[in-house]
Amino acid sequence: MSGAYEIRVRGRVQGVGFRPAVWRHARALALDGEVLNDGEGVLMRVAGGPGSAGALIEALRREPPPLAEIDTVETREWNAPLAPGFFIVESRQDATNTQVTPDALLCADCRAEITDPANRRFGYAFTNCTHCGPRLSIVRAIPYDRANTTMSAFPLCADCGAEYEDPADRRFHAEPIACPVCGPKLSHSLNGIARLLKDGEVVAIKGLGGYQLACDATNGDAVASLRQGKKRDGKPFALMMTDLAMVRRYCRVSEDEAQILQSAAAPIVLLEKVDNTLPEAIAPGLNSLGAMLPTTPLHALLMAQLDVPLVMTSGNLTGEPQITDDAEAVAQLGAITSHILTHDREIANRVDDSVVRFMAGAPRLIRRARGYAPAPVKLPKGFEDAPDLLALGGELKAAFCVVKDGQAILSQHQGDLEQAPAFADFRKNLLLYEKLFDHAPLAVAADKHPEYLSTKLGRAIGLPVVAIQHHHAHIASCLAENGWPRDGGKVIGIALDGLGWGDDGTIWGGEFLLADYCGFERLAWLKPVAMPGGTQAIREPWRNLFAHLDNAFGEVTPLGPLQGKPLTTIAAMIRSGTNAPKASSCGRLFDAVAAALGLCDGVQAYEGEAASRLEALAEHAIPETGYPFDVRNRALDPAPMWAALLGDLATGVHRARIAARFHVGLAFALAKLASELAQVHGVNTLAFSGGCFQNRFLFEQMLRLLEQSGLHVLTHSRVPANDGGLALGQALVAAAQILEGAMPCA
């Protein structure tokens, strides 16, 4: 390169210190020119000696700012004159086509400042720079400038203003920049809050993306008080720990897990428990703990005064979204605790903690929120001309997806839409993303289930609606995450979850699909079994146990978990088909086996509790063989498994071995059927999706068996396998059908 050039950089390049990085590299290369933010990303105009512009691009690729992600770089000649020197100029507001950066973990430099008595930010709970701090949680509009964030309420002091204007400072245009003189302030001292926690009190804390409830995790009475106040019977609590040394005191931590814990995203990581001194009430019946490190300077300063882990859970009543409003926190959390640590920086957008679990050596997102959203997923090859679309996901673990300019932008996790506050927040965030990304969709993609609130909302928007089958969307989500091209051909998709509305009007949940983005053929499934009571069967696993035994044997000898239950009524419901829809659900099979072993044979305290406890039990044993399954009329039949399982129960085989034999047998049967279908249909690639693939035992067993057979398996990592990733698949299916000219609008 020689002469003058205009260089366009797209990606995550705003609010991350990209312009100062350009400025430093350009000055080192003796370039003339300018750099600015605009609605497309970052724009540079540079002039220098031969090859110097190319050297600038290489330097930026080699040493980008820590939070930046460069997607594309475009270069063209620039013929207008450029003034001597290199300058950072004001942002230009025009059409929006850039990324919003996720909130990021406190960086090492800021951590050093808040612990240095000689630093003016010593002990300051809102310290940040361009390498860390709040982003999505405070932004209201694009461009990401201070005036468009909740920090606009805090005029900069002279010292912060000087840092903000200095391109050589790491706080140059760090929009949340603050200090004790001019920034947000806490309502109480952290010393006092630490004393309350040490005394066994529950404390509400205004965190980054919402209120949290905290207590001493080693204090059984405090944990019990928090459970009672929050009305959270059994769902595990996340723990915040001071540092990796504390995490290793309670959990087994691999180097990869340690790296994720300390990453800018700083998620909750599910880790194997190695210390049993914590109260069982932290994670009842499970072998793992959800651990995270301090995410903000407030948390870091608080944890530095404690030598124990804290329970750090969402500040809400169970089932409702995290509270973000100060007055609402006093009104609702006041019944749980009278100790509320708040501050005067507004939370613009609710953002919960992300959750990661390592399976088969890779991190797998279970919940995608803080630190990950709204980072986009690049659309695979063949979708370059996809129109702007909106996909609304499902009803549980809700998240929506915006398609724009070759990217799919998946929103943060927003909870259960059946809860009115969550549904209201869902609608609020739809408007926010429309503004942030200047988004005007051509059509809306939604689940085929006619009663999902997300589907009803989609029909009310007034745009064409593409109705997409639930499990097809799951498989398309996995394909999209893995960059499977639009013309990549068909795969065997294995979708295992609780339930989804099937094309035949029945409930599906254990599906083998021959699928691409445009469509699918249902090849095989788990044998459908009644769900007596409908949704009540999801809450009460014993109902599924009875139905499975009835399906397998036609006559049920009451096991211990079934004694005292209204079995005559349940049998009559199944015989008549009254409120007992049949479902090919893998999730309900797990519920039934868990109930047979006396796990959650009453009411599940949270979705997936029975399956989680069953997996935890299975991890205690290594069986010689798995239980048998059979295939009849394209249906995988668990009847032989039930005969063997009941035999083991009758002879006193340990429950852990029974649980393991079930997992191994199911994994073998699913993998064997998938291999046979792949051979019959001449397909070499398979895709796993659905919430049951969050079960590490099942996932790793199936993956090993299929890869040993020489098959290529696509799996989720950056997008949840559960319904939190559903909207991505819906978006890609709708885009493919539109591009093929076959959009079925309802």
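Count Lys and Arg as plus one, Asp and Glu as minus one, and take only other residues whose Cβ is under 12 Å from that of GLN469; the net charge is then -3. Computed from the C-beta positions of HIS188 and VAL603 and an R0 of 41 Å, the FRET efficiency is 0.60 to the nearest 0.05. For the peptides 302-310, 368-376, residues were scored by their other Cβ atoms within 10 Å and the scores averaged per peptide; the highest-first order is 368-376, 302-310.
Rank by packing, highest mean first: peptides 589-596, 76-83, 701-708, with packing defined as the count of other Cβ atoms within 10 Å averaged across residues. Display every interim value, and only then the final one.
Details: 589-596: 27.4, 76-83: 10.8, 701-708: 18.4.
Top of the packing list down: 589-596, 701-708, 76-83.
Coupling constants for the stretch 469-483 follow from the phi torsions by the Karplus curve (6.51 cos²θ - 1.76 cosθ + 1.60, θ = phi - 60°), and in residue order they are 5, 3, 7, 4, 4, 4, 5, 5, 4, 5, 4, 4, 4, 8, x Hz; glycine and proline get x. Applying a DSSP loop filter and a limit of 12 other Cβ atoms within 10 Å to the GluC sites (Glu not before Pro) in the stretch 469-569 leaves GLU555. With everything on Cα atoms, drop me the angle between helix 726-739 and the longest principal axis of the chain, reported from 0 to 90° to the nearest 10. The helix 726-739 is inclined about 80 degrees to the chain. Counting only alpha carbon atoms, the long axis of helix 52-62 and the longest principal axis of the chain meet at about 40°. Counting only alpha carbon atoms, the long axis of helix 18-28 and the longest principal axis of the chain meet at about 50°. The local environment of SER338, defined by Cβ-Cβ distances under 14 Å, has a net charge of -2 under the rule Lys, Arg +1 and Asp, Glu -1. With N counted as the residues of the chain, its alpha-carbon radius of gyration over 2.2 N^0.38 Å works out to 0.99. Remark on HIS449: its backbone amide H falls under 5 Å from those of TRP501, a criterion applied only to residues 5 or more positions apart or on other chains, H modelled at 1.01 Å from N. Of the two radii for the stretch 152-257, the radius of gyration is 1.10 times the Kirkwood radius, both from the alpha carbons; that is the Rg over Rh value.
Under a Cβ-only charge scheme (Lys and Arg +1, Asp and Glu -1), can you give me the dipole magnitude of the chain about the Cα centre, in debye to the nearest 20? Before the final figure, lay out each step's value.
Working: 69 positive and 83 negative charges, 160 e Å.
Charge dipole, the chain, about its Cα centre: 760 debye, nearest 20.
Rounded to the nearest 5, the antiparallel percentage of DSSP beta bridges internal to the chain is 70%.
Listed cross-link partners LYS397/LYS428; LYS185/LYS230; LYS456/LYS582; LYS527/LYS672; LYS231/LYS456 are compared with a 20 Å cut-off, the Cα-Cα value being larger for LYS185/LYS230; LYS456/LYS582; LYS231/LYS456.
Ordering THR72, THR568 by accessible surface, largest first, gives THR568, THR72; the 1.4 Å probe counts only protein heavy atoms, with every chain in place. Note that the stretch 137-149 has calculated 3J(HN,Hα) couplings of 5, 10, 7, 10, 7, 10, x, 7, 10, 4, 4, 9, 10 Hz, one per residue in order, obtained from phi through the Karplus relation 6.51 cos²θ - 1.76 cosθ + 1.60 (θ = phi - 60°); glycine and proline are x. Excluding ligands, DNA and RNA, the accessible surface per residue across the stretch 116-188 is 36 Å² with a 1.4 Å probe.
Normalised by the number of residues in the stretch 135-258, the mean separation of alpha-carbon contacts (under 8 Å, six or more apart) gives a relative contact order of 12 percent. For a paramagnetic label modelled at 7 Å from the Cα of LYS435 toward its Cβ, which residues of the stretch 303-334 fall within the zone defined by backbone nitrogen distances under 19 Å? Under cut-off, by backbone N: 324-326.
Just the number, please: carbon plus sulfur as a percent of the accessible area of the chain, 1.4 Å probe, no ligands or DNA/RNA counted.
Here it works out to 51 percent.
With all protein chains kept in place, the per residue accessible area of the stretch 302-358 amounts to 34 square angstrom at a probe of 1.4 angstrom. For ALA398, the shell of other residues with beta-carbons less than 9 Å away shows a net charge of -2, using +1 for Lys and Arg and -1 for Asp and Glu. Sorted on the mean count of surrounding Cβ atoms within 10 Å across their residues, most packed first, peptides 598-611, 431-444 read 598-611, 431-444. Farthest toward the positive end of the dipole of the chain, out of LEU523, TYR433, TYR164, is the Cα of LEU523, where the dipole comes from beta carbon charges about the Cα centre.
Using C-alpha pairs under 8 Å with a sequence gap of at least 6, the mean separation divided by the residue count of the chain gives a relative contact order of 12 percent.
Segment ALA108..ARG634, full-extension length gain: 183.7 nm, with 0.36 nm per residue of separation and the alpha-carbon distance subtracted.
Checking every one of the trypsin sites (Lys or Arg not before Pro) in the stretch 572-655 against DSSP loop status and a limit of 11 other Cβ atoms within 10 Å picks out no site at all.
When restricted to Cα atoms, the stretch 44-127 yields an Rg and a Dmax of 18.4, 52 Å, respectively.
The values are calculated or read from the model by the stated rules, or taken from the named source; none is laboratory data. These numbers were taken from a predicted model, which means no experiment stands behind them. With ideal geometry, Cβ positions are generated from the backbone for all residues, glycine too; neighbour counts draw on all protein chains shown. The accessibility values were calculated without ligands, DNA or RNA, using every heavy atom of the protein model including side chains. Shrake-Rupley method; radii C 1.70, N 1.55, O 1.52, S 1.80 Å.
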